[in-house]
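For reference, the structure is listed below as structure tokens.
The values are calculated or read from the model by the stated rules, or taken from the named source; none is laboratory data. Just so it is clear, the model here is predicted, and its values are computed rather than measured. Cβ sites come from the backbone with ideal geometry, for glycine too, and all protein chains shown count toward neighbours.
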């Protein structure tokens, strides 16, 4: 039973981190219909920024709480700046190009950012400092559920709540929803579509940065390549839930996290990544609109 | 004597809860020009999309009568390319050419379903393949001459003037040797001079024995061309007859001008 | 030349990039030694670099705009090489020169150079194969490397277990890869373009991960070594001659590939591919079987990748899963995109540039993948048609009734100098 609960929590933890990344995919897809292939790299850059800032601060002897807050803020600020810049450079000029052009550009951006980090930092795995302390009240259950797991779950829930409120009630959220339904119409009613798209990239990148920070301190090491796999898996989750749908992304992420956790726990861990890829291929073939997505009909 | 070519009965199409087509009957006979008219949103293009296999109709039957085939052939549930193979070819309301291919190649694509060569023929360039290519080329060029845009043959389709693009779509559809040619608003966006030329072109094509079904908003063109007119409104057929009958039909006037006008 | 406003924007942009690259390019920490390296010089490079690049891009845009307003709407300018190729006499001369260089090249250079060139030629072939799928049929295949792996492992395994030779496996490897293409293509080819791209990527990764994890089948990450080199009528050649022989074989294969692709793209099938790329719905409405046509392109591309895979295994005599990562697919895609989608000469030049340049400019080889990424982005933004735009063939029309053909009309349909 303990094992089951352990797997359950590790699945939920995984799932919530996938969700933080998957939301960026789904929001961008909802607004400009692009698979933002470089999104995984934004997450990786968030993790690296947090790593650098946290290590520098800890060398200077800052207290843990200050390190967590400053590193987290730095990760969010820089990741969203990268997200914003990537959109301006690689996607905005291609807004009216054939559908595959921005996708190829996104793949290029992804490879570029990976190697940019590789060249400026290192290709080795770097030890990520443990930013989340072991909480005293978690002591009795620590062998099943770690403090990091709890911190990740709580952070994710809080972030999701803020996001939901933002999208439901803020002016920006309304503009986002309008833009995703009909971009031309949104322009006509006076929404600055370019600004909405930029905002979407900033919000999505911030979420990815938080995810990057959390997972890096959970796993304890990072390298330049972590974005690729995490990105693909989060994308799988977004598609599973129905790309373009925000609750879908969360649902899909949790399902993917849980199934991965149980499959590796009870079956075999050799094929962990094969599993996610197979799931991705199967959903796209049999139900490309996902669990909560709408099937798109092309107008003739 | 006229023989039937297309017979559509009870064609119905639902999109979610919305009934875009409601039990529409329609037939076209050989050599005829039939016009399908109606206010915007009446379901005319949906009708085209249903009979050409782009949409799958909810209910109803579509039959084509081929001279080389006894009895009728059902088109229901076939894919668009199979429908074209069986003898319906269409143009599109918002032009859908292959922009990066030359004008001649666009028409050559129309010959695709009447020719056979595949991988090996293409690579080995066999005698049969060469003969076929020659035939494709000759027929396609003739089509371009017929619609009067042969001088553009080697230009990319995207560089054609608007009227010529519409003509190219017609030539491309004609190249499939259709029993029935479907034209979806061929005069849309044309100036009066171009419309007059189009009127002449369609009449010429018709004189050669081609049966035509067209959707059109330009009433002058419709009245000048059609042997028969079918009027649709809210997904239903509300009237049919020759141009004179339609012009004076109270239901048609009501559909076009609104409820408050008494005919 | 530049207005004050533009200069100000250039400065702001470079400041933005200095900020952006601040933590990652400037700070390097060693968490174990607990030391920090501040590399402020990088910021300076960044500022100057971005400033210059920004102004260069502005300059390029100015020139492009003024050229457009001068020339009005002129058609795409036909490149020098295209003009050269369209004149039959010049074409023959060009082929003769290229042929001579290709034949004598190995006799003036080292074995190492020959090996490098053989690799480059393999990428030419891979590029031409992917070009059928991406360039002609418009199907973005991000898992092309999977078929390459299938070919390579087919040879490696058949050679290991049954001792089958290169020539016996060559067609098997190709057909086996094509079969994989059909099996995958059958369900996925009805997907929309961007989904297709991701599914193929997923498929490519699945193949690699299976090869890595299924040790009993593929010997896992350590791979299979001691694969036989191509046989020469049953004679075992000494190493140096075997390398030379592989090189000439590769040249032959590339020539065959060019011949086949060239014939295909002006055939009924080739036209259908291009039409499909341009507009799927119109294409179907014109009577083209979308599924069959896509499947033909997909499996033909896979076949080519399989053949090159066999070649690769025979050349290196060693295969392991690390040679078949997603990055490999991305490199092949870069070749096609850089050269110009659908253009044969484009792909050849693309492969030679991207594979040989980092090889000869050793200093650059570290920045290879960075450059590949940048190439994909820049090509999409500034020159989506690639270095060599694919120019459609113009057909000569001969009237049927005038049975006399042009004196030069033996190769029908023939191209026409424009």
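General remarks:
- Applying the set (1) in a helix (DSSP H, G or I); (2) modelled with pLDDT of 85 or more to residue C:37 leaves exactly one unmet item: (1).
- Residue B:188 vs. criteria surrounded by fewer than 22 Cβ atoms within 10 Å (Cβ to Cβ), outside any helix (DSSP H, G or I) and more than 19 Å from the chain's Cα centre (by Cα): no
- Only a single item in (1) in contact (Cβ under 8 Å) with a residue 24 or more places away in the chain; (2) at the interface with chain C (Cβ under 7 Å from one of its Cβ atoms); (3) more than 30 Å from residue C:385 (Cα to Cα) is not met by residue A:120, and it is number (1).
- Selection of region B:38-53 for residues being over 19 Å from residue B:78 (Cα atoms), crowded, with 21+ Cβ neighbours inside 10 Å and either within 14 Å of chain A (Cβ to nearest Cβ) or modelled with pLDDT of 95 or more (or both) yields B:43, B:44.
- Scanning region A:81-93 finds one or more residues that are surrounded by fewer than 21 Cβ atoms within 10 Å (Cβ to Cβ) and over 30 Å from residue C:41 (Cβ atoms).
Yes or no, residue by residue, for (1) within 14 Å of another protein chain (Cβ to nearest Cβ); (2) assigned to a helix (DSSP H, G or I):
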{"site": "C:217", "(1), (2)": "yes, yes"}
{"site": "C:221", "(1), (2)": "yes, yes"}
{"site": "C:228", "(1), (2)": "no, no"}
{"site": "C:241", "(1), (2)": "no, yes"}
{"site": "C:248", "(1), (2)": "no, yes"}
{"site": "C:251", "(1), (2)": "no, yes"}
{"site": "C:259", "(1), (2)": "yes, yes"}
{"site": "C:270", "(1), (2)": "yes, yes"}
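- Among the candidates A:212, A:242, A:231, the residue that is farther than 28 Å from residue A:96 by Cα, buried (at least 16 other Cβ atoms within 10 Å of the Cβ) and within 17 Å of the chain's Cα centre (by Cα) is uniquely A:212.
- Residue check, residue B:56 touching a helix residue (DSSP H, G or I) at 6+ places or on another chain (Cβ under 9 Å), more than 8 Å from chain C (Cβ to nearest Cβ) and not in a helix (DSSP H, G or I): yes
- Residues (part of a helix (DSSP H, G or I) and within 13 Å of chain C (Cβ to nearest Cβ)) located in region A:238-263: A:238, A:239, A:240
- Odd one out for residue A:125 among (1) within 14 Å of chain C (Cβ to nearest Cβ); (2) farther than 27 Å from residue C:364 by Cβ; (3) touching a residue at least 40 places away in the same chain (Cβ under 8 Å); (4) surrounded by fewer than 19 Cβ atoms within 10 Å (Cβ to Cβ): (2)
- Filter pass, residue C:198 being surrounded by 15 or more Cβ atoms within 10 Å (Cβ to Cβ), within 19 Å of the chain's Cα centre (by Cα) and facing chain A (nearest Cβ under 9 Å): yes
- Condition met for residue C:235 (more than 20 Å from residue C:107 (Cβ to Cβ) and surrounded by fewer than 19 Cβ atoms within 10 Å (Cβ to Cβ)): yes
- The set of residues in region B:139-159 being closer than 13 Å to residue B:174 by Cα and either at pLDDT below 90 or surrounded by fewer than 17 Cβ atoms within 10 Å (Cβ to Cβ) (or both) consists of B:145 alone.
- Test: residue in region B:24-37 that is part of a strand (DSSP E or B), farther than 19 Å from residue B:225 by Cα and modelled with pLDDT of 90 or more: yes
- Residue ID - farthest from residue A:205 (Cα to Cα), chosen from residues in region A:51-72 that are surrounded by fewer than 15 Cβ atoms within 10 Å (Cβ to Cβ) and more than 10 Å from chain C (Cβ to nearest Cβ): A:61
- Here residue A:173 qualifies as more than 14 Å from every other protein chain (Cβ to nearest Cβ), free of Cβ contacts under 8 Å to residues at least 12 places away in the same chain, crowded, with 16+ Cβ neighbours inside 10 Å and farther than 27 Å from residue A:223 by Cα.
- In region C:390-411 there is no residue that is within 14 Å of chain A (Cβ to nearest Cβ) and at pLDDT 75 or above.
- Residue check, residue C:157 in a helix (DSSP H, G or I) and within 22 Å of residue A:278 (Cβ to Cβ): no
- Any chance residue C:281 is surrounded by fewer than 18 Cβ atoms within 10 Å (Cβ to Cβ) and under 30 Å from residue B:158 (Cβ atoms): yes
- Top-ranked residue in region B:102-138 [being in contact (Cβ under 8 Å) with a residue 40 or more places away in the chain and surrounded by fewer than 23 Cβ atoms within 10 Å (Cβ to Cβ); ranked as nearest to the other protein chains (Cβ to nearest Cβ)]: B:113
- Any hit, region C:182-190, residues being over 15 Å from residue C:298 (Cβ atoms) and either in the same structural domain as residue C:148 (by TED's automatic domain parsing) or at pLDDT 85 or above (or both): no
- Any hit, region B:198-209, residues being in a loop (DSSP other than H, G, I, E, B) and either at pLDDT below 95 or more than 20 Å from residue B:32 (Cα to Cα) (or both): yes
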